[in-house]
Amino acid sequence: MIKIILPTLLIVLAISTNAQTPGALDNEKLLDLMQTQRYQEAALFIKSVYHDDVSDVKALSRLAYCNYMAGNLAEAERNYTALYDKDTLNNTLLSNLANVQLKRGNYHQATYYLKKLVLRDTLNFTVYKQLGQIGEITGDSNTVGYLSRANHLNSYDADVAYDLANLYIQTKQFGKADTVLSNAIKADTTNLLLIRTKAKLAYSRDSWTELVQLCTKLIKAGDGSMIVINWLGEGYYYIKQYKKCIETFQSIEKLGLEKESSLYFTAKSYKNLNDHSNAVKYFRKTIQSSISPNVGNYYTEAGDSQEKLKQATGALNSYLKSLQFEENAFTYYMIANLYDQALKNKQKAAIYFRKFLKTAVSQNAKQRPYIVYAETRLREITK
């Protein structure tokens, strides 16, 4: 997440409460408005004195700051630009202009100001950090370079370490990711964001023992997220602690949060423990989980289209395939009607009309007309 540095303004230097230039601002009133965070009122107060011709640098600085803090970013940009035109060597103004653009979501313009700033101050950690974070959003090819430079200037910053390590993991530069994370964790040994990223790294490089240790630490610290529990269960499997693998995945199964992979590792663990009865049970659950609940409907829809194309045999195969995934009353009706009308097999039609009537819900208004037809047609073909 991009962190925006507040525009630098030393209010105590900009406002003197002990003296007041004749005809200028009431500094005590302005200071009170700013200290109570009534920035919009403060900006209007400044303009009431100077009107539209705020050329005094000190007053313009105050106005820019108040507009920025009040969220009037377009005005703040105009104010800071006017100040920058007066002093193009002022790095603080460049930083303020960049921050205004960041808050407005204008990443291209913010990058422009930050790059100008970094040319003047090559050791500015904050600027490299912001360039890197913007680069992640915009896809700047220099993103890793910016974050790497920021990390070199301050290896303890958790935000930079997190962003840079994740980029290294994505590009399979695991050694670099490990160095970045290890240095940052030295400075903050309980930072869960960094520890979770270290666990992600361990998972990516198949470091299963380390993964179990890190996930255990995360869970003890209160991070019981699904991704951490799944990592832990998988880690237990690969270090052959099958009972712990089963316990871990069954803890989320009790919550109804199991998924195909967790069921698969549970099944494999039972199999490795020679508990083949439970292994079969969980392999079946894995198969069920891997199949979309809509597959049956897809086959029925395909069969209906095939029927309209006069492809009776193909339609029948699709309908029958649908029933392998889900028993559906309307699919039985479609099969019965297909046998009756297209395939001219009254015996089979009767069988499926009966199956339809057995599973249909008579109170269902949508099914009721089909029930009436099925009952009528069944009587006719079984005379």
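The values are calculated or read from the model by the stated rules, or taken from the named source; none is laboratory data. Please read these numbers as outputs of a predicted model, since none were measured by experiment. Every residue, glycine among them, receives a Cβ derived from its backbone with ideal geometry; neighbour counts consider all protein chains shown. Note: areas computed on protein heavy atoms with side chains; ligands, DNA, RNA excluded. Shrake-Rupley method; radii C 1.70, N 1.55, O 1.52, S 1.80 Å.
At-a-glance table
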read-out: Cα gyration tensor shape of the stretch 111-163, rounded if a/c is under 1.5, else prolate or oblate by comparing a/b with b/c; value: oblate
read-out: Cα shape, the stretch 62-211, gyration tensor, a/c 1.5 rule; value: prolate
read-out: Mean Cα-pair separation over length for the chain, i.e. relative contact order, pairs under 8 Å, 6 or more apart, %; value: 6
read-out: Using alpha-carbon coordinates, inclination of helix 192-204 to the longest axis of the chain, degrees; value: 50
read-out: For the stretch 313-324, Karplus couplings with θ = phi - 60° (6.51, -1.76, 1.60), whole Hz, Gly/Pro x; value: 5, x, 4, 4, 4, 5, 4, 5, 5, 4, 5, 5
read-out: Cα-only radius of gyration and Dmax that characterise the chain, units Å; value: 34.5, 112
read-out: Helix 242-253 axis, angle to the chain major axis (alpha carbon atoms, nearest 10°); value: 90
read-out: Loop trypsin sites (Lys or Arg not before Pro), the stretch 222-304 (other Cβ atoms within 10 Å of the site Cβ: 12 or fewer; DSSP); value: LYS240, LYS254
read-out: Mean separation of Cα contacts under 8 Å, 6 or more apart, over the residue count of the stretch 281-383: relative contact order %; value: 19
read-out: Estimated distance in nm for a label pair at GLN324 and GLU28, the labels positioned 7 Å out from Cα along Cα-to-Cβ; value: 8.9
read-out: 0 to 90° range, to nearest 10: angle between helix 91-103 axis and the chain longest Cα axis; value: 30
read-out: Inter-part distance where the stretch 204-232 and the stretch 306-383 are each reduced to a Cα centre, Å; value: 52
read-out: Length-normalised contact order of the stretch 216-340 in % [C-alpha pairs under 8 Å, at least 6 apart]; value: 15
read-out: Violating pairs (Cα-Cα greater than 32 angstrom) within the set LYS259/LYS366; LYS186/LYS285; LYS321/LYS346; value: LYS259/LYS366; LYS186/LYS285
read-out: Förster radius 30 Å - calculated FRET efficiency between ASN91 and THR179, Cβ distance, rounded to 0.05; value: 0.45
read-out: Surface per residue (accessible, 1.4 Å probe) for the chain, Å²; value: 55
read-out: Cα-based Rg and Dmax for the stretch 79-128, where Dmax is the largest Cα-Cα distance (Å); value: 10.2, 28
read-out: Separation of alpha-carbon centers, the stretch 60-116 and the stretch 117-196, rounded to whole Å; value: 25
